[in-house]
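Working notes, beginning with the structure itself.
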Amino acid sequence: MKSAALAALLGSVAFAAAAEDYTITVWSGGTGDSSNYRIDAISIAAEQMMREAKVRGEDLNITVEGQAWSGWDDFKQAVTLASEAENAPDIIVSGHEDIGPWSEAGLIRPIEDYVYFDTWPLNTIYPNLIQTASFNGQIWGVPQDAEARVMFWSIPALEAIGWSRDEIESLADRVQSGEFTLADMVDTVKQMQDEGVIEPGMGFGPRVSNGPDYWQFYQSFGGEMADPETGKLIVDTAALEGMYGFFADAVEQDVVSQTHLGTEWDVWHQNAAAGNYGAWHGGTWHKAQWQNQFGLEDFFGEVQYTLIPAGNEAGRANSITHPLVYLLSATSTEDESAIAAELIAMASAPDINALHAVKSAHLGISEDETQVPLYAGDEWLAAASERLAPHTNAIPNNSDFGTFWTAMYQGLESSWTGATDPAEAAQNVADSVKKSLGDNVVVR
């Protein structure tokens with residue numbers, strides 16, 4: 001925790017802030033219309049901080065300037081270039097996987113140097129989320145949200161092929177127990193196509209681009225991403241082959257197109273919201289997009305949701321969570337970082353964070369948040385928090401993970417399109433990652 005010297009520094013910052021104006025900049029990646037509170041929460045916190053200063057008789061003026069990127073590549077490039085030019089934003093909202101490489105590159109500074117994690121509201125954040133914001137024994141950021149990545153199912157399509165209400169309602173439990181597998185999913189959506197309920201090639205609608213979601217299928221076949229003891233990455237060739245074989249088989253059975261990867265996101269969303277897929281996987285936050293932007297009116301009447309099913313006996317039903325985190329830029333002054341860190345802490349209060357969770361259909365970051373009436377009254381968040389959140393895990397913050405991730409997705413593309421058979425694709429990944437990382441990776 002903070003030392004006495006740092007406490008004194010913050011005291012001097014508070015005194016200086018009473019006589020000066022501050023502009024705190026916030027850049028947020030992967031942020032659309034429904035996620036505005038990633039930035040607006042900082043503005044709310046600034047307003048609260050200024051009100052508190054006024055009560056103490058201090059003159060504190062904080063202006064928050066925010067910029068949002070809907071995508072990730074341009075955002076991360078902008079952060080990197082701005083950091084190199086020494087004019088990065090004070091607060092960066094990005095995926096937790098950036099903590100490893102950005103901390104090692106000196107782009108960010110540990111937030112634990114500026115705030116107390118044993119006082120409210122930071123002491124209420126779920127410990128597993130704090131873990132995702134940590135690297136090399138330090139806490140670098142504060143989780144801004146949480147989520148689960150889900151397998152969705154068309155209830156009308158299941159009913160059309162003869163599933164009873166009990167079968168539909170018990171699907172989540174059967175998936176969780178391992179009774180209903182990915183192979184069963186392919187058989188089910190193939191039946192939908194064969195009976196004319198779903199159009200050919202539309203039985204299964206996977207994510208259309210690279211993303212954390214695909215690691216779920218690696219875990220479905222028993223894969224581990226990193227050793228929890230040593231932190232070394234693990235390339236499980238059997239799990240990769242099983243994962244690649246699953247998607248190659250789905251293409252072979254024509255439940256998903258060979259050219260599905262690269263589909264426009266709006267096309268995918270429209271098909272998902274309209275029930276044109278028999279089953280598809282996405283995130284808990286997509287529900288808000290389908291309702292607000294793509295015309296889905298009766299989510300619970302039309303959509304069932306489960307964990308990603310197990311692929312074989314070595315694997316398990318699972319879900320990946322990908323928390324975004326508030327990070328502090330290393331290019332800010334100490335005063336700016338201290339103020340920015342306090343704003344982040346204040347923005348993490350349950351009632352403020354609940355605004356983001358409910359509007360964007362993300363899961364809350366603390367147990368206290370589930371008691372906020374706005375959050376507790378949201379049927380989807382309450383249900384997802386109970387059914388999905390306890391079974392989530394996250395990709396590792398290992399700074400070398402990007403090498404493995406890139407190779408994994410290349411193997412997926414090559415086996416998906418038939419350019420390489422699954423066994424060869426898996427071995428290519430193992431060889432490539434081992435060549436790049438040497439003793440920093442374990443190949444099984």
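The values are calculated or read from the model by the stated rules, or taken from the named source; none is laboratory data. Note that the coordinates shown come from a computational prediction; the quantities given were computed from them, not determined experimentally. Cβ: placed from backbone, ideal geometry, glycine included. Neighbour counts: every protein chain shown. Just the protein is used for accessible areas: all its heavy atoms, side chains included, with ligands, DNA and RNA removed. Shrake-Rupley method; radii C 1.70, N 1.55, O 1.52, S 1.80 Å.
Helix 350-360 and the long axis of the chain differ in direction by around 40°, with both axes built from C-alpha atoms.
Would you mind calculating the relative contact order of the range 35-118 from Cα pairs under 8 angstrom and at least 6 residues apart, reporting the percent as a whole number? Relative contact order of the range 35-118: 18 percent. The Kirkwood hydrodynamic radius of the range 57-213, based on inverse pair distances between different Cα atoms, is 20.2 Å. Straight-distance candidates among the aspartates and glutamates for linking to Lys54, with alpha-carbon spacing under 15 Å and chain neighbours fewer than 8 residues away dropped: Glu20, Asp21.
How fast does the chain diffuse by Stokes-Einstein, in µm²/s, taking the Kirkwood radius from C-alpha pairs at 10 °C and 1.306 mPa s?
This corresponds to a translational diffusion coefficient of 69 µm²/s.
For the chain, a Gaussian network of Cα nodes joined below 10 Å ranks Ser220, Ser399, Ser348 by mean-square fluctuation, and the top entry is Ser399. Cut-off 10 angstrom, C-alpha nodes, Gaussian network model of the chain. Which of Ile161, Ile339, Ile111 fluctuates the most? Maximum fluctuation in the GNM of the chain, among the listed residues, is at Ile161. Ranking Leu233, Ile198, Gly222 by how far each Cα lies toward the positive end of the dipole of the range 178-316 (charges on Cβ) leaves Leu233 at the top.
For the range 318-435, the Kirkwood estimate of hydrodynamic radius, built from reciprocal distances between every pair of different alpha carbons, is 17.8 Å. Across the chain, Cα pairs under 8 Å and at least six residues apart give a relative contact order of 26 percent. Size descriptors for the range 250-401, from the alpha-carbon set: Rg then Dmax equal 18.8, 60 Å. Lys and Arg at +1, Asp and Glu at -1: add these up for the other residues within a Cβ distance under 15 Å of Trp268 and post the number. For residues surrounding Trp268, the net value is -1.
Across all directions, the shadow cast by the convex hull of the range 8-130 built on its C-alpha atoms averages 8.9 square nanometres. Between the helical axis of 237-252 and the longest alpha-carbon principal axis of the chain there is an angle of about 60 degrees. Heavy atoms of the protein chains alone define the surface here; on that basis the range 214-322 has 36 Å² accessible area per residue at 1.4 Å probe size.
With θ taken as phi - 60° and the Karplus curve 6.51 cos²θ - 1.76 cosθ + 1.60 applied, the whole-hertz 3J(HN,Hα) list for the range 296-303 is 6, 9, 10, 4, 5, x, 10, 10 Hz, x standing for glycine and proline.
Val443 contributes about 60 Å² of solvent-accessible surface, heavy atoms of the protein only, 1.4 Å probe.
Here the chain has 46 percent of its accessible surface on carbon and sulfur atoms, given a 1.4 Å probe and all protein chains in place. For the range 339-444, averaging the sequence separation of C-alpha pairs within contact (under 8 Å, six or more residues apart) and dividing by the residue count gives a relative contact order of 15 percent.
Rounded to the nearest 20 debye, the dipole magnitude of the chain is 400 debye, with +1 charges on Lys and Arg beta carbons, -1 on Asp and Glu beta carbons, and the Cα centre as origin.
The angle separating the long axis of helix 37-55 from the principal Cα axis of greatest extent in the chain is about 20 degrees.
Pick from Thr263, Thr321, Thr403: which is most flexible by mean-square fluctuation in a GNM of the chain where alpha carbon atoms under 10 Å apart are linked? Highest fluctuation among the options: Thr263.
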